[in-house]
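All remarks here apply to the structure that follows.
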2 protein chains.
Amino acid sequence: MCQPIDFYFDFSSPYGYLAAHKIEPLAAKYGRSVTWRPMLLGAAFKATGSAPLPSIPLKGDYAKRDFLRSARFHNVAFRLPDPFPVSTVAACRAFYGSPEEKRVPLAKALFRAYFADGVSIGEAANVLKIANSLGCRPEIDSQAVKDKTRAEVDAALAKGVFGSPYVIVDGEPFWGIDRFDQLERWLREPF
Amino acid sequence: MCQPIDFYFDFSSPYGYLAAHKIEPLAAKYGRSVTWRPMLLGAAFKATGSAPLPSIPLKGDYAKRDFLRSARFHNVAFRLPDPFPVSTVAACRAFYGSPEEKRVPLAKALFRAYFADGVSIGEAANVLKIANSLGCRPEIDSQAVKDKTRAEVDAALAKGVFGSPYVIVDGEPFWGIDRFDQLERWLREPF
């Protein structure tokens, strides 16, 4: 019996967005399901001493070019949002505050809104509008949803998740959409 | 007429070592030559505020695992050196202080010594022994060689090089061996 694949990402991560288009077909090919686990890169950055890519000298300029080229390479509609990056606390809370069967559609809708349609998902009002359009009414200001979100983010960090996307299969970690080639070989047969 | 591919790397970079096995066959397939350009990641880290992977919480542990898995994935003999990383100033100077026709064989020998044979190329004596075995007598303590090396490293930073490997083709930059798939498509046809 195969365990689900754990798919960690931040809603403001271009590479997470690209990976969100790839993970389900890849998992299905090897008889796996996917557990979507949004987290907050800001919390990971505190642990690693890192920072959002655009703010890093040299690497930031490269990253903007690489986002666009990677989207073309993977054949995914993409435009660099402005503002970028944004806080994804509201998006993350909306996800964990929604019923389980609504979460993946909501995640896809949030990603699409931000990276294809230019809607700033850093604003709670926009997040809630998207959630509402899917019939969700997440109580993102409730303590229960805040606590649930915090617990999920802490659990991700405890698993060693420091980037987005980050995939764990049977304990084996893969960071980045550029490890999906290794991920696929691993799903076929651990090496 | 196709321009050579600029191949930047640090001699202490596992991903640079893996890329060194791939770059020439890939370039040749598309009628290109390769200009090998060792640089010093330490200088790039100062510009980006980064640090050697093993020293970074969470990411360091992942990296060690990923080095080994990536080597298996690319089918390249590899063992994680100890000490790791090391200063590659002596190796870099030996490269730029050697005659042009000896440089690429020397680069390959230095990489192999460090990542396959467990020889610490952080020690100048080991670097010189390897150079001597190829008939090179680089004067790594001479001001001329120091200046040449410094100028090459500065030129790399000026081109935006911040990691290893880093490849530039006709002005288009590719960071990481995990961009070699995009690099190959670009060589076929820019996209």
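Separation of region B:1-72 and region A:90-110 by C-alpha centroid, Å?
Centre-to-centre distance over Cα atoms comes out at 38 Å.
Compute, for chain B, the length of the dipole vector about the Cα centre, with Cβ point charges of +1 (Lys, Arg) and -1 (Asp, Glu) only. Units Debye, rounded to 20.
Its charge dipole is roughly 300 debye.
Using all Cα-Cα distances in chain A, what percent lands in each 10 angstrom bin from 0 up to the longest?
The percentages, shortest bin first, are 9, 37, 38, 15, 1.
Using 0.36 nm per residue, how much length does the chain from residue B:158 to residue B:141 gain when fully extended, once their Cα-Cα distance is taken away?
3.6 nm
Pairs of lysine in region B:55-191 with Cα under 28 Å and at least 8 positions apart or on different chains: total?
15
When chain B is turned about an axis onto chain A, which of its residues keeps its C-beta closest to that axis, and how many Å is it?
Taking Cβ atoms only, the nearest residue and its distance are B:178, 2.
Where in region A:77-138 are there trypsin sites (Lys or Arg not before Pro) that are in a DSSP coil and have at most 16 other Cβ atoms within 10 angstrom of their Cβ?
A:79
Out of residues 5 or more away from residue A:11 or on other chains, whose amide H comes under 5 Å of its own, with H placed 1.01 Å from N in the peptide plane?
Here A:39 satisfy the definition.
Starting from the Cα gyration tensor of region A:44-154, multiply each eigenvalue by 5, take the square root, and state the resulting semi-axes largest first in whole Å.
Sorted largest first and rounded, they come to 26, 18, 11 Å.
Could you state, as a whole-number percent, how many of the C-alpha pairs of region A:2-98 are farther apart than 24 Å?
Summing the P(r) tail past 24 Å for region A:2-98 gives 29 percent.
Apply 1/(1 + (r/R0)^6) to the Cβ-Cβ distance of residue B:74 and residue B:189, taking R0 = 30 Å, and write down the FRET efficiency to the nearest 0.05.
0.80
For residue A:150, place a label point 7 Å out from Cα along the Cα→Cβ vector, do the same in each other copy, and report the separations in nm, one decimal, smallest first.
List, nearest first: 5.3 nm.
Looking at region A:105-191, which GluC sites (Glu not before Pro) are in a loop (DSSP not H, G, I, E or B) and have at most 16 other Cβ atoms within 10 Å?
Here the sparse-neighbourhood loop sites are A:123, A:139.
D for the protein assembly as shown, whole µm²/s, Stokes-Einstein with Kirkwood Rh over alpha-carbon pairs at 37 °C and 0.692 mPa s: what number?
Using the Kirkwood radius from Cα pairs, D works out to 147 µm²/s.
None of the figures in this text is laboratory data; all of them are computed from the coordinates on show. Model, not experiment: these values are computed from the prediction. All Cβ positions, even for glycine, are placed from backbone atoms using ideal geometry, and neighbour counts span all protein chains on display.
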